[in-house]
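Peer 1: First, the structure itself, so that you have it in front of you.
The values are calculated or read from the model by the stated rules, or taken from the named source; none is laboratory data. Because the structure is predicted, anything quoted here is derived from the model rather than measured. Cβ coordinates were reconstructed from backbone atoms using ideal geometry, including for glycine residues, and neighbour counts include every protein chain displayed. Heads up: the accessible areas ignore ligands, DNA and RNA and are worked out on the full protein's heavy atoms, side chains in. Shrake-Rupley method; radii C 1.70, N 1.55, O 1.52, S 1.80 Å.
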Amino acid sequence: MIPFFLLDDAEEKQLIKPDVKNWLGEVKDAVYETEDVLDEIGYEAQRSKFEGYSQTSMDHVWNFLSSKLNLLSKKEKETAEKLKKIFEKLERAVRHKGDLRPIEGIAGGKPLTEKKGPLPDEFHVYGRDADKEAVMELLKLDRENGPKVVAIPIVGLGGVGKTTLAQIVYNDRRVEQMFQLKAWVWVAEQFDVSRVIEDMLKEVNAKIFANKEADELLKEALKGKKVFLVLDNVCSIEYNEWHELLLSLQDVEKGSKIIVTTHSEHVAKAIETAIPPHPVDGITDEECWLLFANHAFGGINSTAESHLEELGREIVSKCKGLPLAARTLGGVFHSKTDYKEWEMIAKRRMWSLSNENIPPALKLSYYHLPSDEKRCSSYCAIIPKGSTFRKDQLIMLWMAEGFLGNEDMEYRGNEYFDDLVWRSLFQQSRDDPSSFIMHDLINDLAQYVSGEFCFKVGEFGSSKAPKKTRHFSHQLKDYNHVLKIFEDIHEVPPLRTFVSMSDESKFHIDLDEKVLHDLLPMLNRLRVLSLSRQYWELYTLEKIVWITPLLDSIGNLKHLRYLDLSAMNMTRLPEKVSALYSLQTIILRGCRHLMVLPTNMSNLINLQHLIIEGTCLREMPSQMRKLIMLQKLTDFFLGKQSGSNLKELGKLVNLRGTLSIWDLQNTLSVQDALEADLKSKKHLEKLRFSWDGRTGDSQRGRVILEKLEPHSNVKSLVICGYGGRLFPDWVGDSAFSNLATLTLNQCKNCTSLPPLGQLSSLKQLCVMSLDRIVAVGSEFYGRCPSMKKPLLLSKNSDEEGGGAFPLLKELWIQDCPNLTNALPILPSLSTLGIENCPLLVVSIPRNPIFTTMKLNGNSRYMFIKKSSPGLVSLKGDFLLKGMEQIGGISTFLQAIEVEKCDSLKCLNLELFPNLRSLEIKRCANLESLCADEECLVNFTSLASLKIIQCPNLVYFPELRAPELRKLQLLECINLESFPKHMH
């Protein structure tokens, strides 16, 4: 075997010497082949357990090995020859190790187990204030004879912070005031106009119609609107492509802007319209040091490590002003306090060499990863640039590839992932905190160190897979390209990974058939297979392909550990899947036609994740209790007469995360509910209990729910269709101190609410379709001393205090037709939604803290929302004649939209002195905007006023609005005149 020190030295030298990189590739190729053979032996041992062999497992494995050694057939002879070649390859590698040797100091690195302080502030931006204000000034430019749409190129080196600059501009509150619509589109390495247009449609939530072209839909969605668009990471573009995109924007309002981030001066020249490019240079050494120190010292004042500062500043100067390099390098030095260790890193050979356009600081960050994390990091080369990914998703892939060992895989995966976030190799997405992204240069680094073993198609570059490819992903867009790739891929050695990441629905039909008919039988070494679709595609396909009969070949994939068929069209998962004994993860999310799982699914004793949400399953296979390694089971369906019963859950002691139990009316006995033993499952955080809503034996339903009491760690609970008259005692018990979200839905027999006031951590409460609830009584507040007195919203209630629901931020009450009494005072409430509760009294305190309020039902609808810091808006169809009664709300409203409100005759603008934007559409009976024709309305902040299709509007008040920039009156046919003075 190869000594570990040789691999350690090779890991460093491969970053600077191509011949060492080739040597390391040969070694890895031999290791892959060895693992495949050992995995096949392990599979045969598992198969012997389930297929009734009379001989013992060891006997069967020995016979399997003997067949290899004795060369009993041509197939066995080929296998033995392969084993022989593997060992010869390894021996040859040792002989040709060249100058590889033990290296000074600690090879690689170790996980950051002793992290100092909180995670560094990823969203704090250093050194870009002046750049931000410069770009903001460019956004304001609107030359009288200039074009409708003006492009602003932001140009700079990779890693210098172009995207970050665009993001802080995009999220600036001033942009909300300047533009009506904004959209962010990440552009692939090869500019594709149709892809950009489709992404823009998604960003602006435009309705999709199959009989219209995307560019026409975009024109309609943006027509007459002032638009702000960011095209991020444009690597190449020709003038004709740019002109084609501008044609789709020809109907926008003048003053619209497009920011384009690029490293290419050619791109900047191709798109230049009226504004010269804004160059982004590196930040100063001082700013680089502050960014580095934030990550190296974990947010702690760097003076605590003052003995390292001088050397640290010397190291930071090597970053050449690149924020990405400084941030990533800070992760390398995190929790290192030994001066000699810092000095050794500062003298590394990598600083003097840079190739493949990857800064030395990034290569250094990879080298200092622990060896296991290097595999995890380099594997991420299969992720397309610009794509986001979820933590649990990536950990499941690592697990399937064997990067996390055989024990505590989930824990180890979380540790590795968090470490890579600490080191800034992964960054949290600004748009979705639950998703992550890799910078393009980090992606390039992963591709460089993974070499020929990871290959993705769909980006700019070769479409021919290297011979050593093991991990393959694609984002295919062109049909002819699809066929060519799959013809070429037949020549590739056995793949371990085949992942479809395409979001182009029109190519899935033929791709699925091609893959399933021709390709899968050849890829019998796969460990990961993902053919999943995006959910939105389900409703855009013109032709449905039923792939159930095509999946039979999947039974030959004996190495398979990860199977994702999300949103595929199939009625059953083939029985042959139950013979894939190595499977760890099955994802069938959104398979809306799926009705049957394999009968012998209990054979999959290594299964840890079964994700079946969004399916049409009606029962679970029998003997689910045997799947004792299950950690994630999203749904459990109770059949009427067959399948696993509720007590099978009792043996699944490792369940965690989310679990929904459906059709509880089919529970065979109360004892089954007790034996499900949910109370012992302390890692379950989200639970849903669902009945069919029929109100039969209410007492039996209550007892079943009582026995389903979960562990007090649960954070979210939904009870739907429950038929009992009262809730069991545990619902609302103060022991559930972690419960933050609670939904009670379609519990039509219930006559009173549980004591929810005792839930000290409750932040969101939804009460829906509780027909028999008439009043909120004292039982709602429970036995807490501070909650004994129900506190109601009334004229004089502002002065009263209380401790009910101290953290409740959102309260939604829907379809409770008999609920009459007033609502309690809720000190932290920011969102109130009431729909179809005609008898419910709704009063507003004098000093409301609502940021969102919605009233809907019987021609009454109001929606108040705090859409961004400091900006509060009112939108809807509502009765305004009593608006004076809402107290402080009218004074802090900054944006109002009113549409289709036939009851509205007069909107008294004097009530809204802080308005910034007012838009009134299609209010047929609106006559005036002021109660008194002689009034003078003062608006110090009003910037936009639109009144459209209000045929009965006859009077327009005199306005004092010095900030008014946009006044639009359309189809107000009876408007007699404007006021004499507009200030």
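Peer 1: For the pair Gln671/Lys223, report the inter-label distance in nm, with labels modelled 7 Å from Cα in the Cβ direction.
Peer 2: Each label point lies 7 Å from its Cα, and together they span 7.0 nm.
Peer 1: Under the rule a/c < 1.5 gives rounded, and otherwise a/b versus b/c splits prolate from oblate, where does the stretch 376-478 land using the Cα gyration tensor?
Peer 2: Oblate.
Peer 1: Once you have the Cα-Cα distance between Ala735 and Lys464, take 0.36 nm times their residue separation minus that, and quote the gain in nm to one decimal.
Peer 2: Full extension from Ala735 to Lys464 adds 91.5 nm.
Peer 1: Run the 1.4 Å probe and let me know the accessible area of Lys464, rounded to the nearest 10 Å².
Peer 2: About 100 Å², ignoring ligands and nucleic acids.
Peer 1: Given Cα positions, please report Rg to Rh for the stretch 701-763, the hydrodynamic radius being the Kirkwood one.
Peer 2: The Rg/Rh ratio comes out at 0.93.
Peer 1: To continue, here is another question. Points 7 angstrom from Cα along the Cβ direction at Met344 and Glu835: gap in nanometres?
Peer 2: Calculated label separation equals 6.2 nm.
Peer 1: Would you mind working out the accessible area per residue for the stretch 128-279, using a 1.4 Å probe, and quoting it in Å²?
Peer 2: 46
Peer 1: Pulled fully out, how much extra length does the chain show between Thr751 and Glu310, if you take 0.36 nm times their separation in residues and subtract their Cα-Cα distance?
Peer 2: 151.6 nm
Peer 1: Further, regarding this structure: What is the extension gain from Glu26 to Arg700, computed as 0.36 nm multiplied by their sequence separation minus the C-alpha to C-alpha distance, in nm to one decimal?
Peer 2: So the extension gain works out to 236.0 nm.
Peer 1: How long are the semi-axes of the equivalent ellipsoid of the stretch 564-633, defined as square roots of 5 times the Cα gyration tensor eigenvalues? Whole Å, largest first.
Peer 2: For the stretch 564-633, the ellipsoid semi-axes come out as 18, 12, 11 Å.
Peer 1: How large is the Kirkwood hydrodynamic radius of the stretch 403-460, counting all unique pairs of alpha carbons, in Å?
Peer 2: Evaluated over the stretch 403-460, this radius sits at 13.3 Å.
Peer 1: If you count only protein heavy atoms and use a 1.4 Å probe, how large is the accessible surface of His266, to the nearest 10 Å²?
Peer 2: Surface open to solvent at His266 totals about 100 Å².
Peer 1: Follow-up. Quick one: what are the phi-derived ³J(HN,Hα) couplings along the stretch 726-733, Karplus 6.51/-1.76/1.60 with θ = phi - 60°, whole Hz, x for glycine and proline?
Peer 2: 10, 7, x, 4, 6, 6, x, 5
Peer 1: On to the next question. List every residue whose amide H lies under 5 Å from the amide H of Ile834, counting only residues 5 or more places away in sequence or on a different chain, with H placed 1.01 Å from N in the peptide plane.
Peer 2: The answer is Ile813, Lys854, Leu855, Asn856.
Peer 1: Using only the C-alpha atoms of the stretch 303-431, find the volume of their convex hull and express it per residue in Å³.
Peer 2: Per residue, the Cα convex hull of the stretch 303-431 comes to 143 Å³.
Peer 1: Right, another one. Tell me, what is the FRET efficiency for Lys140 and Trp351 to the nearest 0.05, using R0 = 35 angstrom and their Cβ-Cβ distance as r?
Peer 2: The pair Lys140/Trp351 has a calculated efficiency of 0.20.
Peer 1: Give me the one-decimal nm value for the distance between modelled label points at Gln641 and Thr820, 7 Å along each residue's Cα-to-Cβ direction.
Peer 2: 4.8
Peer 1: Still on this model: Measure of size requested: the Rg and Dmax of the stretch 128-279, with Cα atoms as the atom set and Å as the unit; please supply both.
Peer 2: When restricted to Cα atoms, the stretch 128-279 yields Rg and Dmax of 14.5, 47 Å.
Peer 1: Kirkwood-based Rg over Rh for the stretch 559-692 (C-alpha set), two decimals?
Peer 2: Dividing the radius of gyration by the Kirkwood radius yields 0.93.
Peer 1: Filter the cross-link list Lys269/Lys385; Lys391/Lys681; Lys182/Lys225 down to pairs whose alpha-carbon distance in this structure exceeds 19 Å.
Peer 2: Violating the 19 Å Cα-Cα cut-off are Lys269/Lys385; Lys391/Lys681.
Peer 1: Between Arg174 and Ile41, what FRET efficiency follows from the Cβ-Cβ distance if R0 is 60 Å, with the result rounded to 0.05?
Peer 2: 0.40
Peer 1: Efficiency by 1/(1 + (r/R0)^6): what FRET value for Arg390 and Asn606, r their Cβ-Cβ distance, R0 = 25 Å, to the nearest 0.05?
Peer 2: That pair, Arg390 with Asn606, gives E of 0.65.
Peer 1: For the modelled label position 7 Å from the Cα of Lys686 along Cα-to-Cβ, which residues of the stretch 738-759 have backbone nitrogen atoms closer than 18 Å?
Peer 2: The answer is 738-745.
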